[in-house]
Structures are given as structure tokens and as C-alpha cells.
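Asks: Just passing along the structure, written as C-alpha cells.
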Amino acid sequence: MSAAPSPAQLRADAEALARDAGAVLREGHGRTHRPERKGRIDLVTEYDRRAERVVIEGLARRYPGHAVLAEESGASAPKPGGDTGSPSVRWIVDPLDGTTNYAHNYPFFCVSIAAEVEGVLAAGAVYDPVRDEMFSAAAGAGATLNGAALEVSDIDRVEDALLVTGFPYEHPERSLPLFEAFLVRAQAVRRDGSAALNLCYLAAGRFDGFWEDDLSPWDMAAGVLIVREAGGRVTSYEGGEFRLERPEILASNGRIHEEMKGLLAGVLGRR
């Protein structure tokens with residue numbers, strides 16, 4: 001049985017593939033897009049699909065024995081010829097997080113790629129092709145932005161914090177009570193349309209806290225590891241163990257986590 005690639009190697013491959021996909025997105029940025037609708041609001045563009053194809057083909061060449069979960073093409077099993085005796089590795093790919101922004105040429109979107117080994121996040125990369133910012137992390141090795149170490153902020157009160165969130169595509173009105181509760185308590189709240197970048201900005205100290213519901217694993221996987229490796233905390237709304245399969249996330253610099261949890265509980269009645 002051969003060993004899985006090291007977190008450092010997985011991180012390097014995630015970065016390289018994110019840059020390749022980012023080049024595709026950069027090519028289309030600024031053009032007129034005619035996106036398709038996956039739902040009433042949820043969009044997909046030709047560049048989502050092209051960027052995803054670049055990543056999946058790159059993974060197939062590097063690691064035919066690895067599984068992939070991608071936003072547009074779904075889950076795929078390891079390709080024939082892979083080492084089936086190796087530890088289970090799954091790549092979680094969002095080729096374009098922030099599609100609505102991209103479709104309107106609003107410059108806040110990214111590529112997000114993570115790798116799990118035996119169900120545990122081992123590496124992740126989130127690439128912003130507009131600003132050429134590469135956020136990445138390897139388990140136990142810290143998080144970086146373009147190679148420089150990241151660390152969460154030291155803000156210790158919500159009233160001094162800059163928070164960020166997102167609304168689900170369906171029934172966004174359910175998010176409004178939470179938004180209002182934080183808006184009147186925090187220094188300010190942003191909603192800018194890319195959960196993966198929101199998490200990376202939290203890791204970089206640009207935001208202090210983040211909450212959102214109705215997310216998918218590819219929206220969160222890489223960003224969650226990057227936040228943790230930058231010293232932040234990630235849980236469920238109730239403060240329990242975070243799970244990628246559960247579509248809610250509370251993330252913070254750690255210092256304001258309990259206060260944010262209390263505000264969520266006050267609105268949702270989960271005390």
C-alpha cells in the first residue's frame with residue numbers, strides 16, 4: 001500500500017491547478033456573458049465549465065487514483081489504473097466561486113480546490129485571478145497568501161468587528177433576521193458573493209467573522225482549512241463540530257466566536 005501524497009505536495013498541486021483555472025477565468029473577465037440558469041437564481045457560465053475541465057483533466061493526469069467532487073460535474077470515482085491500495089484521497093473543486101459576480105463582471109470571484117485524505121482536509125488553495133492572490137494551506141503547516149504567512153485578526157468584540165455573510169439562492173428572506181442582528185451589533189457587515197474568498201479574507205485578518213447557511217462542500221472546503229491554519233475557528237452555528245456535508249458554517253478569528261454563536265442562537269432559538 002503506497003502512501004498518499006504529503007499535504008505539502010497536495011497543496012502545491014492545488015495551487016498549480018487553481019492558477020491554470022484562474023487563467024481561464026481571467027480570459028473571460030470583462031466580456032459579455034450569457035449564463036445559463038441552474039435554478040431561479042443560480043447561474044453557470046461557459047467559463048465555469050472550461051475552468052472545471054482544466055482542473056479535472058489536470059487531476060486525472062496527476063492522480064488517476066483519486067476521487068473528485070466538483071460543482072458542475074458532480075462526484076467521480078477514481079479512474080482505472082490508479083493505486084486502489086492507497087489511502088483515499090478526494091479533491092473538492094469549485095472552478096468559479098462567485099459566478100453571479102463573474103457574469104456581471106463584478107471583480108470578486110475565485111477558484112477553490114481542496115484535497116481530503118481519508119476524509120480529513122489536508123490541503124487547499126483559493127486563487128483570485130483579478131488580484132493575483134493565492135491563498136493556500138497544508139494541514140499542520142500554516143496558511144499563506146502569495147507565500148507570506150497568514151494570521152487572523154485580534155479583534156475581540158463583535159462591535160469592533162467587520163463581518164461577512166452570504167444569502168442562499170432560495171428563500172434569502174430566511175437570512176434577513178440574522179443579517180439584521182449582526183448589522184446592528186457589529187462595526188459593519190459585508191455581503192459580496194464568494195464564500196471561499198470570504199473565508200480567505202477572514203484568514204488574512206481582513207474580516208473578523210463569517211456565517212452562512214445553505215453552502216456546498218466545494219464552497220467551503222479549501223477556505224475552512226485556510227482559516228484553521230491561520231489560527232481561526234470553524235464550527236456549526238451551535239459551536240459543534242463543523243462538517244462539510246452540513247450546509248452551515250460559523251467561522252471567526254476565535255476571539256469573537258462565542259459572541260457570534262450567542263447572537264445566532266438568540267435569533268434561531270437554539271440555546
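The values are calculated or read from the model by the stated rules, or taken from the named source; none is laboratory data. Quantities reported herein were computed from a predicted structural model and do not represent experimental measurements. Don't worry about glycine lacking a Cβ; one is built from the backbone with ideal geometry, like all the others, and counts go over all protein chains shown.
Asks: If you check 138, 123, 143, 186, which single one turns out to be touching a helix residue (DSSP H, G or I) at 6+ places or on another chain (Cβ under 6 Å) and not assigned by TED's automatic domain parsing to the domain that holds residue 15?
Replies: Of the residues listed, the single one that is touching a helix residue (DSSP H, G or I) at 6+ places or on another chain (Cβ under 6 Å) and not assigned by TED's automatic domain parsing to the domain that holds residue 15 is 186.
Asks: Could you check, for the range 171-182, whether at least one of its residues is under 20 Å from residue 93 (Cα atoms) and surrounded by 18 or more Cβ atoms within 10 Å (Cβ to Cβ)?
Replies: Checked against the condition, which is being under 20 Å from residue 93 (Cα atoms) and surrounded by 18 or more Cβ atoms within 10 Å (Cβ to Cβ), the range 171-182 yields no hits at all.
Asks: Inside the range 99-120, can you point out the residues that are in a loop (DSSP other than H, G, I, E, B) and either surrounded by fewer than 24 Cβ atoms within 10 Å (Cβ to Cβ) or not assigned by TED's automatic domain parsing to the domain that holds residue 51 (or both)?
Replies: Residues satisfying the conditions are 104, 105, 106, 107, 108, 118, 119.
Asks: Just name the residue that is modelled with the lowest pLDDT out of those in the range 66-95 that are surrounded by 21 or more Cβ atoms within 10 Å (Cβ to Cβ) and part of a loop (DSSP other than H, G, I, E, B).
Replies: Taking the candidates together, the pick is 71.
Asks: Related question: State which residue pairs qualify: first residue assigned by TED's automatic domain parsing to the domain that holds residue 219 and inside the range 247-271, second residue basic (Lys, Arg) and crowded, with 18+ Cβ neighbours inside 10 Å in any location, beta carbons under 6 Å apart, and separation of 6 or more residues or different chains.
Replies: If the second residue must be basic (Lys, Arg) and crowded, with 18+ Cβ neighbours inside 10 Å, the pairs left are 252/233; 254/233; 257/233.
Asks: List, please: which pairs have Cβ atoms under 9 Å, are six or more places apart or on different chains, and start with a residue in the range 194-206 that is under 18 Å from residue 217 (Cβ atoms) and in contact (Cβ under 8 Å) with a residue 40 or more places away in the chain and end with one that is assigned to a helix (DSSP H, G or I) and polar (S, T, N, Q)?
Replies: Short answer, once both residue conditions are applied: 194/101.
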